[in-house]
Amino acid sequence: MGKIDLWELIRELKSPDYEWVELSFEVSEETPHFSGFDALTRKQVLNFAEHGANTQCYSMVSQYGTHVDPPIHFIEGGRALHEVKLSEMVFPLCVIDVTDKVKDNIDYALTVDDLLDWESKYGRIPADSFVAMFTNWSKRTPREYDGKDADGVIHNPGWSKESIRFLVEERKIGAIGHEPADTDPGSVVRTAGWEAESYYLGFDKIQIEMLRNLDLAPPTGAIIFCTFPILKDGTGFTARCFAVFPRKS
């Protein structure tokens, strides 16, 4: 088998035959984020009038807006951001649509049956792929993002622990991602803490939280790129993720 001409591949992907879709939230003071964290703040360091340049200092929590969680986020001694391999920043993308089930239960936990249903339509989830749970949660306003009810209780959909075990151990996937700020459904967090998130990060894999625009990506056939800084001992950071896939004819 001959080697792929990478320059020609780039020209092809940038041609009108392919779609490029932003999967990350814009980073600002208004970016949706976990309500327990402060919003981004900024301070002017240099300005055009005095310095002839424009520089700002930004302050925000590591898990802000669309962000990457490395193992060290929940696993003591786990890998930090500077230890994430470059090959973990690009994957085939599988989008699992459970929007209808979330309409009926905002604390819905994605199941193994959901994954098997997807496979019955699109084929086996490939090894070393990125599996994203599509819930339409990202359409919520920043104020609504935590799903708090009248009593201030947080609600959101998430992954079941068994679905994560299935993906990692039986399908050998590379990473997962989702729209809510948590891996676990709100109902699970209230009773068992972040059990699915701890379980998943314990497999020494990264995840991306607070994705958006998954409705614009196909269920299968796309590539996802997730980029973030090489932060020494970083416990997480705002990420920019995007998908590339053939445009519908």
Next item on the list: Hey, can you tell me all the residues within the stretch 82-107 that are out of contact with any Lys or Arg (no Cβ under 8 Å at 6 or more places or on another chain), farther than 28 Å from residue 139 by Cα and assigned to a helix (DSSP H, G or I)?
Entry: 83, 86, 87
Check: If you go through the stretch 118-129, how many residues are assigned to a loop (DSSP other than H, G, I, E, B) and open to solvent by 70 Å² or more (accessible area, probe 1.4 Å)?
Finding: 2
Checklist line | Restricting the stretch 85-117 to residues that are open to solvent by less than 20 Å² (accessible area, probe 1.4 Å) and among the β-branched types (Val, Ile, Thr), the residue that is nearest to residue 36 (Cα to Cα) | finding: 102
Check: Say we look at the stretch 130-161 and pick out the residues that are open to solvent by 10 Å² or more (accessible area, probe 1.4 Å) and β-branched (Val, Ile, Thr); which of these is nearest to residue 202 (Cα to Cα)?
Finding: 154
Item checked: the stretch 1-25, subset among the charged types (D, E, K, R) and touching a residue at least 12 places away in the same chain (Cβ under 8 Å), residue farthest from residue 143 (Cα to Cα) -> 17
Check: Based on what the data block shows, is residue 112 closer than 24 Å to residue 243 by Cα and either touching a helix residue (DSSP H, G or I) at 6+ places or on another chain (Cβ under 7 Å) or among the hydroxyl-bearing types (Ser, Thr, Tyr) (or both)?
Finding: no
Notebook entry, point to check: Exactly one of (1) on the phi < 0 side of the Ramachandran plot; (2) modelled with pLDDT of 95 or more; (3) open to solvent by 30 Å² or more (accessible area, probe 1.4 Å) is unmet by residue 78. Its number?
Noted result: (3)
Next item on the list: Would you mention how many residues in the stretch 238-249 are buried (at least 16 other Cβ atoms within 10 Å of the Cβ) and farther than 22 Å from residue 139 by Cβ?
Entry: 1
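The values are calculated or read from the model by the stated rules, or taken from the named source; none is laboratory data. Source: prediction; values computed, not measured. In this analysis, Cβ positions are derived from the backbone assuming ideal geometry, glycine residues included, and neighbour counts consider all displayed protein chains. Quick note on the areas: whole protein, heavy atoms, side chains included, nothing else; ligands and nucleic acids left out. Shrake-Rupley method; radii C 1.70, N 1.55, O 1.52, S 1.80 Å.
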